[in-house]
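The structure appears right after this line, and notes come after that.
The values are calculated or read from the model by the stated rules, or taken from the named source; none is laboratory data. Being a predicted model, the structure only gives us computed values, none of them experimental. Cβ sites come from the backbone with ideal geometry, for glycine too, and all protein chains shown count toward neighbours. Ligands, DNA and RNA are stripped out before the accessible areas are found, and what is left, the full protein with its side chains, is counted by its heavy atoms. Shrake-Rupley method; radii C 1.70, N 1.55, O 1.52, S 1.80 Å.
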Amino acid sequence: MSVPHPSAADLRARSQPPGPPARTPLIAAVAALLALLCAAPWAAAEDLKTGTKVPIGGKVVDADGQPVAGVTVLLEVSRTYFSLRKMKEIRGDRLKLPTSTDRQGGFHFDWRWDQHHNTFELAVGLEVRRDARDDFEIVDRRSVTETVLAGGSRDFVLEVEDAHYLRWLRRFLDGDASAEETRIFELHGRPDRLEMAADAPGVSTWWYFSLGKAVRFRDGSVEQETAFDPVVPEG
């Protein structure tokens, strides 16, 4: 019985080294996702060198565009990365740098760039003391990562939606809140919304939607308490 001789094409194919094993669609998709997650945070920051001053500043205003002076602005800096073990994005411990707004609501930081941190947020609020420990009451928060990675800015505008509550909280911290305001605040905490009556100076309503309660004050005294069906936040 004769054995067929291999053709020249067969001999050339056999002489080539084996190629890399083919990726399954799932492995290829995961690899592409990881490459994207790893590269995205640093793409805009590739020209920044360690020690470079990155300006981060702007002003804090209320809903009418008026400056909010004397409040604390926190620059929160951390590192975000994708964990293969947990298969999700992980955010490391936050470095918190505080400053206060001036009379025009202005604030600024000079962040010195490093090669570790890649996530940046600004938070507005006031420092409070609860249960014998210091806390920070946040009234507004904003991510500024993309702008910081692109070189920074001094034109951030942080709008405090509930500036009435912020001003009342400052009075409370200064010891100027009434005894009944203090009692309600210590009993229920921060109201979901603090509404000032436009046509009645000294009249305000604290709304606690999740509790189904509204408390109306006149010159610091409780004038009326109203109950309604609690409003459950979505999600």
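Could you please put S78, S143 in sequence from largest to smallest accessible area, using a 1.4 Å probe?
Numbers: S78 0, S143 80 Å².
So the residues, ranked largest to smallest area, are S143, S78.
Through the Karplus equation 6.51 cos²θ - 1.76 cosθ + 1.60, θ set to phi - 60°, convert the phi angles of region 209-221 into ³J(HN,Hα) values in whole Hz; use x for Gly and Pro.
After applying 6.51 cos²θ - 1.76 cosθ + 1.60, I find 5, 5, 8, x, 9, 10, 10, 9, 10, 10, 6, x, 10 Hz.
Could you derive backbone 3J(HN,Hα) for region 77-93 from the dihedral phi with the Karplus parameters 6.51, -1.76 and 1.60 (θ = phi - 60°), listing whole Hz in sequence and x where the residue is Gly or Pro?
10, 7, 10, 10, 8, 9, 8, 5, 5, 9, 6, 7, 6, 10, 10, x, 4
For V203, enumerate residues with amide H under 5 Å from its amide H, sequence gap 5+ or separate chain, H modeled in the peptide plane.
A197, D219
Past 27 Å, Cα to Cα: identify those pairs from K59/K213; K96/K213; K53/K96, in the order given.
Correct reply: K59/K213; K96/K213.
Considering only H116, S78, A177, whose Cα is most displaced toward the positive end of the charge dipole of region 77-235, charges sitting on Cβ of Lys, Arg (+1) and Asp, Glu (-1)?
Farthest towards the positive end: H116.
Counting only protein heavy atoms and using a 1.4 Å probe, what share of the accessible area of region 52-207 belongs to carbon plus sulfur, as a whole percent?
Working: 3920 of 8690 Å².
Carbon plus sulfur share of accessible area: 45 percent.
In square angstrom, rounded to the nearest 10, how much accessible surface does R167 have for a 1.4 Å probe?
Taking all protein chains as shown, R167 has close to 100 Å².
Using the heavy atoms of the protein chains alone and a 1.4 angstrom probe, what is the accessible area of region 106-212 per residue in square angstrom? Before the final figure, lay out each step's value.
Values: 5780 Å² over 107 residues.
Normalised by residue count, the accessible surface of region 106-212 is 54 Å².
How much solvent-accessible surface does E159 expose, in Å² to the nearest 10, with a 1.4 Å probe and all protein chains in place?
Accessible area of E159: about 100 Å².
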